[in-house]
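Data first, discussion second: the structure below is written as structure tokens.
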Amino acid sequence: MDLDRRQMIATAPAAGLAAVLAGCATPRTSLGLAAPDNLYRTDEPAKILAAAREIIAEDWVATLITVDQQGMPRARSVGVNDPLPDLTIWMSTRRNSRKVDQIRKHPQATLHFARDSLGENFKGAYYASLMGEAFVHLDPQRFGEHAPTGETRKQYWPNFPHDYAAIRFKPRWLEVYGRGIQWEADTWQPQGVALPA
């Protein structure tokens, strides 16, 4: 991973990020997921978004949660690419993985980034949960620059692109705790922001 790019993501000016997000367009494949009407917020959206980007920049491994054929949530760790300006995140997998089939049948998904800070009695704990839709892409012209290269590609996708699938995750809303963002005292509900449709 390119550390300079991650640092840039973490330090992106909140006002500039909000301006970029304000101009985002809805993908044609959108299910039209609406943010819940009970998102809790006391801080400015730009501050919450900046905290979310800082959390995402901390690590390139997230938990991807999909829904299986029985309606059971399934969670697994996945490596993710740096987020795009609208917080769309790309990730890589095998074409025959279970998550590919699950996403095709149920595009609703969650990406969760977290640090538990157990050694500090949770004083430095934080998390960002991004809820939205995931889309599977098998066409090299579509996933292009988002696919791995070099030794990573050779090791995990020896028959690239025939054994490779790209997953594009488009968040519709997010919730954040930590990095200066406090939750609601009685319910512990994190602060949330709806992203432009």
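Observations on the structure shown:
- Within segment 171-197, the set of residues being outside any loop (DSSP other than H, G, I, E, B), touching a Pro at 6+ places or on another chain (Cβ under 6 Å) and farther than 16 Å from Ala125 by Cα comprises just one member, Val193.
- Residue, nearest to Trp173 (Cα to Cα), within segment 17-35, restricted to residues that are surrounded by 13 or more Cβ atoms within 10 Å (Cβ to Cβ) and modelled with pLDDT of 65 or more: Ala35
Matching residues to (1) more than 24 Å from Gly180 (Cα to Cα); (2) touching a residue at least 60 places away in the same chain (Cβ under 8 Å); (3) of a type in the set (Val, Ile, Thr):
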residue	(1), (2), (3)
Ile55	no, yes, yes
Met72	yes, no, no
Arg76	yes, no, no
Arg98	yes, no, no
Arg104	yes, no, no
Pro107	yes, yes, no
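- Filter result for the condition that a residue is over 20 Å from Pro196 (Cβ atoms) and crowded, with 18+ Cβ neighbours inside 10 Å, over Ala51, Ala62: Ala62
- Qualifying position, being closer than 19 Å to Val80 by Cβ, in contact with a helix residue (DSSP H, G or I) (Cβ under 6 Å, 6 or more places away or on another chain) and surrounded by 13 or more Cβ atoms within 10 Å (Cβ to Cβ), among Ala134, Ala147: Ala134
The values are calculated or read from the model by the stated rules, or taken from the named source; none is laboratory data. These figures come from a predicted structure and were not determined experimentally. Backbone-built Cβ (ideal geometry, glycine too); neighbour counts: all protein chains shown.
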